[in-house]
1. Rounded to the nearest 500 deg cm²/dmol, what is the calculated helix-only ellipticity per residue at 222 nm for the chain, with -39500 (n - 2.57) per DSSP H run of length n ≥ 4?
2. Sequence gap at least 6, Cα distance under 8 Å: using those rules, report the relative contact order of the chain to the nearest whole percent.
3. Ranked from highest to lowest mean number of other Cβ atoms within 10 Å per residue, what is the order of the peptides 119-125, 781-787?
4. From the Cα gyration tensor of segment 621-719, with a ≥ b ≥ c the square roots of its eigenvalues, which class applies: rounded if a/c is under 1.5, or else prolate if a/b is larger than b/c, or else oblate?
5. With a 1.4 Å probe and every protein chain left in place, tell me how much accessible area Ser694 has, in Å² to the nearest 10.
6. Check each of the trypsin sites (Lys or Arg not before Pro) in segment 355-410 and keep only those in coil by DSSP with at most 10 other C-beta atoms within 10 angstrom; list them in order.
7. Which net charge results when you count Lys and Arg as +1 and Asp and Glu as -1 among the other residues whose beta-carbon is under 13 Å from that of Pro571?
8. Could you give the length gained by full extension between Glu604 and Glu758, i.e. 0.36 nm per residue of separation minus their alpha carbon distance, to one decimal place?
Amino acid sequence: MSDAELARLVDKLDMAQKVRLVTGGTTWRTRAEPAVGLGEVVTSDGPAGVRGDSWDERNTSVLLPSASALAASWDEQLVEEMGRLLAREARGKGVHLVLAPNLNLHRSPLGGRHFECFAEDPELVARTGAALVRGLQRAGVAATAKHLVANDSETGRLTVDVRVDERTLREVYLLPFEAAVDAGVRAVMAGYNRVNGASMTASPLLTDIVKGEWGFDGVVLSDWGALRTAVDTARGGLDLAMPGPGGPWDDELVAAVRDGLVPQAALDDKVRRLLLLARRVGVLGPAPRPPRARPRPGRARRLLRRAASAGAVLLANDGVLPLREGELTSLAVIGAHADRPRVQGGGSAGVFPDRVVTPLDAIRARLGDGVRVVHSPGPDLPAGPAPLDIRHCADPRTGEPGVLLRVLDRAGHELGSERRLTGRLLEPPLPPGAHTVELSTLLTPPTGGEWLFGVAGFGRLTLSVDGRVLIDDDFPRRTDDPAVIHVDPPGPTAPAHLTAGLPVLVVARRQLAAGTGRATVLTAAPPPRAAGAALAEAVTAARHADAAVVVVGTTDSDESEGRDRTGLALPGHQDALVRAVAAANPRTVVVVNSGGPVELPWRETVNAVLLTWLPGQEGGDALAAMLLGDTEPGGRLPTTWGARLADVPVSATRPVDDVLTYAEGLHVGHRAWLRAGRTPAYWFGHGLGYTAWSYENVGAPRLLATGADFTVTVQVRNRGRRTGREVVQVYLSRDASAVERPVRWLAGYAAVTAAPGETVRVTVPVPARALRHWSVADRAWAVEPGVFTVHAGRSAGDLPLTAELRVPPEDPL
Ligand code: BGC
């Protein structure tokens, strides 16, 4: 559709119609406008999956590995395939705009959304993010680059003012967004936070850089509820206020335009951009795009398995892996995560997976009857209020598995009811007159003792067990954060003594009131087991097996949107569990199931450490295949892992008086470690795979052509005994520079596969941007003439090869 045609459509609308369009119509949809043939643009979160425009456990989705795992593959082609898979899911669910990728950085390992972001390094984030954008958009679905910008941690995220200098902003935090715009991303989401004093929804960065310098022609939408003022935001670069209906624009914008506070042209531009987006995703014009089928399960599963092993990082291995099947008669599979893995992180990106393959089931299936697999969960993990385990719950009316949801009016009459498969009802259907949400279930306790029940959500809450009232409380809302109010609300808990096998009726109610959100969650945690006995049982299992696989990890309360982590230690007794198992079995493999870094204090005493991240629905099968050597763990760390939180040079996420200062400037991630002269447990880029490599030589252009992308050639040899994939990394450094620089920085990478004994020359593409820096004095990109050193190797801390590269003096970029 041409600009003139778009302009004609905009002209057909009166002011009220235009203002209606620039605020969402519902939580997930924009508004339709029949006068111009405009349908609703349907949005849905990503990037772990596409939930669709409702939170309903019956509406399942394919669940991908976490973003940290995708970036760990260092494989843009694979990430593009993941984008296509997401697009397919989106089209199957009638979704036009996926709210991903998340391009914020792993600035601190404590960042609550670490799992949802790609990496600590701007170049790796830029390339991975652009690949996901391409994959989604080439398949006809719009992507959203979020959250512009410097929204790298969660503490105080609604109000924090991030202070970051101009050069760092350009070179580190904006770079991935610039790459996404270059890749044609259709939407950019402005974050909740402020940057250098300006709220991101009103920031001059939107107009000056994103739309001005970069020429972004898509829609800038607000993060959900981020818009808090009308005039400054409407005058600025924000185009669409989400969610709706309501919000500052709805009420005030008509008057602001009439009074000349907001130029008519600014409003018209927003509408024009929205129409263009609608056109691009097929909801503007005569023939709406037909829905497509959801991804075919077999194909999706194969792809997800491949992705889960491509991103898994083998940190250490003394040769125990891959396990030799022929030498195994028994295997101990230890740890709660083996049976109940964490497959995704918490918060708005959550989906209801089509299925989850657990490590335990997959290992059993892979080994068959020939090997005795013994599972011992070890001590309980510290759980907050635990989600109801639906396996022990029945609808009290029908006896079918699940929970009965009833919506009641003020007089207590039932307005609607349905059986649900979870105690976590985030968006229950609310017919007119809805006053109370009730969840009830017949729980048959598998174990007797003191259970802990809870009801989470805001407002008036009650909970009873067999008619005995345990909770009757006013629980006022304490936050404005939508991820807490609508996705993961807290709530009171109370104990009750149950007898194993004797069913009890549990009834939770929440009265609905303005501003208390829609989420109502019924929780029930079984009595804790004695840690000592559980540890002893695990040790016994390990002692009597040929090898032990211990699966450890974080819990839902550690890694989630809406809050940052407070430490990096594995929760509960897991460190003790690993130590005890390693002492009992000389072939102990530790599998780490977390979205971001954790401390591994026992790493020198075990035989192998394998990170699987939050691996998505097929993680179990991928793990079994890696353990047994059917596939190689292909990942390399997208973020440096410190031995202890105390060693991490940049970790603070807590604002002081609402200000968070990025005092480290350009020196984030491995750059910070290098500058501090500290050695982490594992460097950015590290990962072993199942073969060994020699780095033989490197070739770089001696003299660089003006402002051009270039390539570095690296010769490597597979000196191991099996075919493998290596990620060859190229970094740059600069001696005697007139400008401040990182000690060295990632410039490019490329993967290669080689057979045993094979020597290969790898061509590593390096974009011209690797050489530029932002000149604050000139307010422009610049390249400093002179000699740069090119380093090639396996990680930021293992770079055996160097070459020189000269930029001639007259070289303007
Ligand atoms: C998150 C966004 C998300 C939005 C809609 C917000 O709380 O920060 O990433 O897209 O909710 O769920």
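The values are calculated or read from the model by the stated rules, or taken from the named source; none is laboratory data. Values in this document were obtained by computation on a predicted structure and should not be read as measured data. Cβ placement follows ideal geometry from the backbone for every residue including glycine, while neighbour counts extend to all protein chains displayed. Surface areas here come from the heavy atoms of the whole protein model, side chains and all, with no ligands, DNA or RNA. Shrake-Rupley method; radii C 1.70, N 1.55, O 1.52, S 1.80 Å.
1. -6000 deg cm²/dmol
2. 15
3. Ranking the peptides 119-125, 781-787 by packing returns 119-125, 781-787.
4. Note, shape of segment 621-719 comes out oblate.
5. 20
6. Arg410
7. -4
8. In short, 52.3 nm is gained.
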